[in-house]
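Working notes, structure below.
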Amino acid sequence: MNVKLEDRLVGLDRCPQCGIANPEMELLWRSDCIMPRAETAYGHNWAVYKCTSCRLLVLAQSRLGNQGTKELEKVYPDVESVEEDIPERARNYLTQAVGSIHAPDGAAMLAGSAVDAMLKAKGLTEGTVYNRIDQAVQQHILTQEMGAWAHDVRLGSNRPRHADQDDPHVTPQEARQAIEFAKTLGTVLFVLPNRIANRGNGNS
């Protein structure tokens with residue numbers, strides 16, 4: 001991340017707390033206590049910032065170089081990311097879902113689209129999403145339990161999409177669960193198989 005600890009934390013793509021893009025981060029506190037390693041004169045600084053949108057706090061750690069630069073190393077909580085091994089279309093949906101968690105209805109619909117895109121990437125292109133989930137279970141691509149969870153995500157994404165009369169909205173917790181399932185599914189179907197294949201090819 002090309003971000004530095006200054007009076008404002010400028011350059012952070014998303015707020016780690018609420019997910020809003022290009023957040024404005026106000027400095028609340030910064031440490032002046034630097035403990036560099038004697039042989040390099042490098043050390044670390046810490047700062048606390050407040051997102052002006054969600055008003056929640058972010059702890060930032062910087063590396064202090066011999067030029068006095070304050071390059072961001074880590075933020076807590078971490079900025080959520082999506083694995084590169086997930087196919088591009090599904091990854092795009094899932095990345096948007098993560099970035100819109102502050103809008104649960106939209107996040108749930110995007111997570112549902114990510115799940116459907118993953119199933120299509122595994123060759124399940126016929127019928128409805130309902131059919132594709134059941135086919136994935138029948139072909140042992142998904143376990144029975146994962147199939148049931150996938151149906152929950154499908155139903156959750158349908159509620160705001162079809163403006164359900166009785167329960168049209170998704171809660172933040174439900175949206176988060178949908179995103180977590182999509183990320184887990186991506187790991188099981190694509191990330192782990194790719195890592196195993198690369199290990200077999202001698203890549204670390």
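Being modelled with pLDDT under 85, small (Gly, Ala, Ser), touching a strand residue (DSSP E or B) at 6+ places or on another chain (Cβ under 7 Å) and buried (at least 16 other Cβ atoms within 10 Å of the Cβ): is that true of SER31 here? Write out each step before concluding.
Details: modelled with pLDDT under 85: yes; small (Gly, Ala, Ser): yes; touching a strand residue (DSSP E or B) at 6+ places or on another chain (Cβ under 7 Å): yes; buried (at least 16 other Cβ atoms within 10 Å of the Cβ): no.
Answer is no for this residue.
Out of curiosity, is ARG159 surrounded by 14 or more Cβ atoms within 10 Å (Cβ to Cβ) and within 14 Å of ALA107 (Cβ to Cβ)?
Answer is yes for this residue.
Being modelled with pLDDT of 80 or more and within 20 Å of the chain's Cα centre (by Cα): is that true of TYR49 here? Spell out the reasoning first.
On the way: modelled with pLDDT of 80 or more: yes; within 20 Å of the chain's Cα centre (by Cα): no.
For TYR49, the condition - modelled with pLDDT of 80 or more and within 20 Å of the chain's Cα centre (by Cα) - is not met.
Six or more apart or on different chains, Cβ atoms under 8 Å: show the pairs whose first residue is in the range 9-32 and under 12 Å from LEU56 (Cα atoms) and without any contact (Cβ under 8 Å) to a residue 60 or more places away in the chain and whose second is outside any strand (DSSP E or B) and hydroxyl-bearing (Ser, Thr, Tyr).
Within 8 Å, the pairs are CYS15/SER53; PRO23/THR52; PRO23/SER53; GLU24/THR52; GLU24/SER53; MET25/THR52; GLU26/THR52.
If we keep just the residues of the range 95-126 that are free of Cβ contacts under 8 Å to residues at least 12 places away in the same chain and closer than 27 Å to VAL137 by Cβ, which is surrounded by the most Cβ atoms within 10 Å (Cβ to Cβ)?
Of all residues in the range 95-126, those free of Cβ contacts under 8 Å to residues at least 12 places away in the same chain come to 103, 123, 125-126.
Within this subset, residues satisfying the condition of being closer than 27 Å to VAL137 by Cβ are 123, 125-126.
On the way: GLY123: 12, THR125: 10, GLU126: 9.
Among those that are free of Cβ contacts under 8 Å to residues at least 12 places away in the same chain and closer than 27 Å to VAL137 by Cβ, it is GLY123.
Restricting the search to the range 162-187, which residues are surrounded by 15 or more Cβ atoms within 10 Å (Cβ to Cβ) and of a type outside the set (S, T, N, Q)?
Those that are surrounded by 15 or more Cβ atoms within 10 Å (Cβ to Cβ) and of a type outside the set (S, T, N, Q): VAL170, GLU174, ALA175, ARG176, ALA178, ILE179, PHE181, ALA182, LYS183, LEU185, GLY186.
With the condition kept exactly as written, say whether any residue in the range 163-171 is in contact (Cβ under 8 Å) with a residue 60 or more places away in the chain and under 23 Å from VAL82 (Cα atoms).
yes
Taking the range 1-17 only, how many residues are buried (at least 16 other Cβ atoms within 10 Å of the Cβ), within 21 Å of ARG176 (Cα to Cα) and modelled with pLDDT under 85? Reasoning before the result, please.
Residues of the range 1-17 that are buried (at least 16 other Cβ atoms within 10 Å of the Cβ), as a first pass: 3, 5, 9, 12, 14-17.
Right, trim to within 21 Å of ARG176 (Cα to Cα) and you get 14-17.
Right, trim to modelled with pLDDT under 85 and you get 14.
The qualifying residues number 1.
So which helices (runs of 4 or more DSSP H) stay within the range 82-188 end to end and still have 2 or more residues that are within 22 Å of GLN17 (Cβ to Cβ) and of a type in the set (Gly, Ala, Ser)?
88-99, 104-121, 172-186
Among (1) more than 25 Å from SER100 (Cβ to Cβ); (2) in contact with a helix residue (DSSP H, G or I) (Cβ under 9 Å, 6 or more places away or on another chain); (3) not aliphatic (A, V, I, L, M), there is one condition SER157 misses while meeting the rest; what is its number?
(1)
Within the range 126-137, is even one residue in contact with a Gly (Cβ under 9 Å, 6 or more places away or on another chain), under 19 Å from ASP85 (Cβ atoms) and at pLDDT 95 or above? Steps first, answer last, please.
From the range 126-137, those in contact with a Gly (Cβ under 9 Å, 6 or more places away or on another chain) are 129, 133-137; that's our starting set.
With under 19 Å from ASP85 (Cβ atoms) added as a condition, the list becomes 136.
Retained after the next criterion (residues that are at pLDDT 95 or above): 136.
Yes - at least one qualifying residue is present in the range 126-137.
Any idea which of (1) under 17 Å from ILE101 (Cα atoms); (2) over 23 Å from the mean Cα position of the chain (by Cα); (3) of a type in the set (D, E, K, R) is the one ASP167 doesn't satisfy?
Tallying (1) under 17 Å from ILE101 (Cα atoms); (2) over 23 Å from the mean Cα position of the chain (by Cα); (3) of a type in the set (D, E, K, R), ASP167 fails exactly one: (1).
The values are calculated or read from the model by the stated rules, or taken from the named source; none is laboratory data. Please read all numbers here as calculations on a predicted model, not as lab measurements. With ideal geometry, Cβ positions are generated from the backbone for all residues, glycine too; neighbour counts draw on all protein chains shown.
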